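Following: one structure in structure tokens, then a few remarks.
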Amino acid sequence: MRKLLPELVEIMEKKVPYASALADYYRGLTIKKDKQGVYVNEIPSITGVVLGAFNGEFFHETATTHCTPHNLRQNVAELLDTITVKDTNISIDPGEGGYKEFYTKTLQSPMQVELSEKIEILKEIENKLIKLDSRVINAWVAYKEQIKDQIFVNRNKNFTQTIIRVNVILSLFMSDGNKVVNNMEILGKTKGVEILKEIDENLLEKIKKETIEMLKAEKIKPGFYNVITCPDVTGIIAHETFGHGVEMDLYLKDGALAKDYIGSKLAPEYVNIVDDPTLEGEYGCYFFDDEGELAKPTYIIENGIFKRGISDLYSSIYLSHLPRSANGRRESIARKPYARMSNTFFVPGKHTVEEIIESTDYGIYMDNGYFGMEDPKGWGMQINSRIGREIKGGKFTGKVFSPITMTGFVPDILKEISHVGNIFLTIPGTCAKRYKEDVLVAIGGAHLKTKARLG
């Protein structure tokens, strides 16, 4: 395939100014263990090729899972028959070239660990969850491995990458006889089965403690509060506001208010937000995007100033005053590329979490984030966490609220950030473009202190 695809690109470029090809081989496995039994499902493997040609104005694409040389050559011929080349001044830089190979580093590749061994580990974890407390009424653990091999070719590039992702979800249900609560812990990295070793007694104790707190929690009185966000809640803020809100394909459709703020100071100088697919081991890591752009970090907010968004190739062509980023991603070969996030986070600052808490006369510590959504057109956001811990006089009171919802206008919340913590953590996620186009990402950062409306 690495020899055939350059031939196909060369044929296409006899007619069009730019062409590329992406070969994709995806497979995976899911295992779930609950008190009813063990459920194993092989994710259907997909092998296919996307052929793309730029006619001077926009892209034409065709995709196929019939990857014989004869069929691919036929697809090229049929694609070219549909194209009328436009005489424009637009040119596409094929980028840094060469023959490059990239691989995810693992200690225990999923392909080298027997299914029976994975199942036994999950059985042990589920058994420990059930035995955590007499109030536990149900528990389950789910494991998912995903392996993707890709080849990207244009006239300069011949790149391959193998990306291995593993994630685990722990779910715990408790009841006190009157109330039922559900708590979850999610782990996910670009690494192997060794991630299961991170599920230790400390993690199990954490999920137990939080679930008991949720049973005893009260509803918070709606209003404006000093708010401290834990790193996963911070990550949801980054993802929803300076992830979705700065996807540059939306700028072309006048679908994001953020475009009007580029170059503006939106936060104090110690606030930085980055999207970085090179962050080794994180769930959204990759070596090049689905349009062949080598991975590199993008500073979205730098020293409080909104510098730029994240782009796919098409949006970078028509927004040429903004540099191209490595964020052109597809859900699959059946989908077009869009500007999508990778690992999006607030860069750590200088404060310890203890210092941030001690600086708070009265406020809420948002813990265990689980959901968020944004309105790119109006730049509003909603962020949810399972737990809110009351702070008085710089100390936790022991009082807990659940659930907590933060809402507000993004620039208002950013400008109120007074502290950025020095601990960096991420969580894995699946990100959709509106209601579809799922890609795998990580979100995170440090503790933040700001002011916002809670309810």
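We did not get these values from a lab; they are worked out from the coordinates using the rules stated. Computed from a predicted model, the values in this text were never measured in an experiment. Glycine gets a Cβ as well: all are built from the backbone with ideal geometry, and neighbour counts include every protein chain shown.
Can you find, among Asn158, Val168, Ser116, the residue farthest towards the positive end of the dipole of the range 103-179? Put +1 on the C-beta of Lys and Arg, -1 on that of Asp and Glu.
Farthest along the dipole direction, towards plus: Asn158.
Stretch Phe58-Lys296 to full length: gain in nm at 0.36 nm per residue minus the Cα-Cα span? Each step should come with its number before you reach the end.
Working: separation 238, 0.36 × 238 = 85.68 nm, distance 2.51 nm.
Additional length available on full extension: 83.2 nm.
Quick check: pseudo-label points 7 Å beyond the Cα along Cα→Cβ at Arg27 and Phe396, how many nm apart are they?
Between Arg27 and Phe396, the simple spin-label model gives 4.6 nm.
More than 19 angstrom separation, counting every C-alpha pair in the range 32-88; what % is that? It would help to have the intermediate numbers written out before the result.
On the way: 821 of 1596 pairs.
Distances greater than 19 Å cover 51 percent of the Cα pairs.
Compactness ratio of the range 226-347: Cα Rg over 2.2 N^0.38 Å, N = residue count?
On the way: Rg = 13.9 Å, N = 122, 2.2 N^0.38 = 13.7 Å.
In units of the 2.2 N^0.38 Å rule of thumb, it is 1.02.
Per residue Cα convex hull volume for the range 206-261, in cubic angstrom? Working shown, then result.
Numbers: hull volume 8.4 nm³, N = 56.
In the range 206-261, the Cα hull volume divided by residue count equals 150 Å³.
Using just the alpha carbons, could you tell me how many Å³ per residue the convex hull of the range 30-151 encloses?
Values: hull volume 26.8 nm³, N = 122.
In the range 30-151, the Cα convex hull volume per residue is 219 Å³.
I'd like the distance between the alpha-carbon centres of the range 178-207 and the range 89-125, rounded to an integer number of Å.
So the separation of the two Cα centres works out to 22 Å.
Which value in Å is the Kirkwood Rh of the range 223-454 over different Cα pairs?
Kirkwood hydrodynamic radius for the range 223-454: 17.6 Å.
Short version: ³J(HN,Hα) in whole Hz for each residue of the range 137-147, in order, from phi by Karplus 6.51 cos²θ - 1.76 cosθ + 1.60 (θ = phi - 60°), x for Gly and Pro, what are they?
Karplus-based 3J(HN,Hα) across the range 137-147 equals 10, 6, 7, 8, 9, 10, 10, 9, 10, 9, 10 Hz.
Compare the Cα positions of Phe287, Asn343, Met406 along the charge dipole of the chain (+1 at Cβ of Lys, Arg; -1 at Cβ of Asp, Glu; about the Cα centre) and return the one farthest towards the positive end.
Of the options given, the answer is Met406.
Under 15 Å from a label point 7 Å along Cα→Cβ of Tyr270: give me every residue in the range 434-455 with its amide N that close.
446-451, by backbone N distance to the label point.
Suppose the chain between Lys100 and Met373 were pulled fully straight at 0.36 nm per residue; how much longer would it get relative to their current alpha carbon spacing? Numbers along the way, then the final one.
Working: separation 273, 0.36 × 273 = 98.28 nm, distance 3.75 nm.
Length difference between fully extended and current span is 94.5 nm.
Can you give me the distance in nm between label points at Lys86 and Lys131, each placed 7 Å from the Cα along the Cα-to-Cβ direction?
It works out to 6.6 nm between the two label points.
Given the range 93-229, what whole percent of its Cα pairs are spread farther than 19 Å? Walk me through the numbers before you get to the answer.
On the way: 5924 of 9316 pairs.
The proportion of pairs with Cα distances above 19 Å equals 64 percent.
Take the Cβ-Cβ distance between Glu354 and Glu10 as r, set R0 to 35 Å, and report the resulting FRET efficiency rounded to the nearest 0.05. List each step's numbers first, then the result.
Working: r = 61 Å, r/R0 = 1.75.
That pair, Glu354 with Glu10, gives E of 0.05.
Taking each pair of different alpha-carbon atoms in the range 334-455 once, compute 1/r for the pair, average those values, and report the inverse of that mean as the Kirkwood hydrodynamic radius in Å to one decimal. Before the final figure, lay out each step's value.
Working: mean 1/r = 0.0631 Å⁻¹.
With all distinct Cα pairs of the range 334-455 included, I get 15.8 Å.
Roughly how many nanometres apart are two label points built 7 Å out from the Cα toward the Cβ at Met111 and Asp260?
Each label point is offset 7 Å from its Cα along the Cβ direction, giving 5.1 nm.
Considering only C-alpha atoms, what is the centroid distance from the range 136-170 to the range 390-413, in Å?
Spelled out, the Cα-based centre of one part sits 35 Å from the other.
Hey, which of these cross-link pairs are over 18 Å Cα-Cα: Lys253/Lys377; Lys265/Lys350; Lys307/Lys433; Lys208/Lys449; Lys219/Lys415? Present the calculation step by step, with values, prior to reporting the outcome.
Numbers: Lys253/Lys377 10 Å; Lys265/Lys350 21 Å; Lys307/Lys433 22 Å; Lys208/Lys449 26 Å; Lys219/Lys415 28 Å.
Cα-Cα > 18 Å for Lys265/Lys350; Lys307/Lys433; Lys208/Lys449; Lys219/Lys415; rest within.
First check a/c for the chain, with a ≥ b ≥ c the square roots of the eigenvalues of its C-alpha gyration tensor; if it is under 1.5, answer rounded, and if not, answer prolate when a/b is larger than b/c or oblate otherwise.
Details: a/c = 2.51, a/b = 1.42, b/c = 1.77.
Oblate is the answer for the chain, as a/c is 1.5 or above yet b/c matches or exceeds a/b.
So how do Met366, Met341 line up by other beta-carbon neighbours within 10 Å, fewest first?
Numbers: Met366 32, Met341 26.
The order, fewest Cβ neighbours first, is Met341, Met366.
Let's see if you can work this out: charge +1 on each Lys and Arg Cβ, -1 on each Asp and Glu Cβ, no other charges. What is the dipole magnitude of the range 223-454 about its Cα centre, in debye to the nearest 20? Before the final figure, lay out the partial values.
Numbers: 26 positive and 30 negative charges, 88 e Å.
It comes to approximately 420 debye.
I'd like to know how the range 4-216 sits against the 2.2 N^0.38 Å rule of thumb: what's its Cα Rg over that expected value?
Rg over 2.2 N^0.38 Å, computed on Cα atoms: 1.44.
Along the Cα-to-Cβ line of Arg2, 7 Å from the Cα, sits a label point; which residues in the range 19-37 have backbone N less than 12 Å from it?
Within reach of a label on Arg2: no residues.
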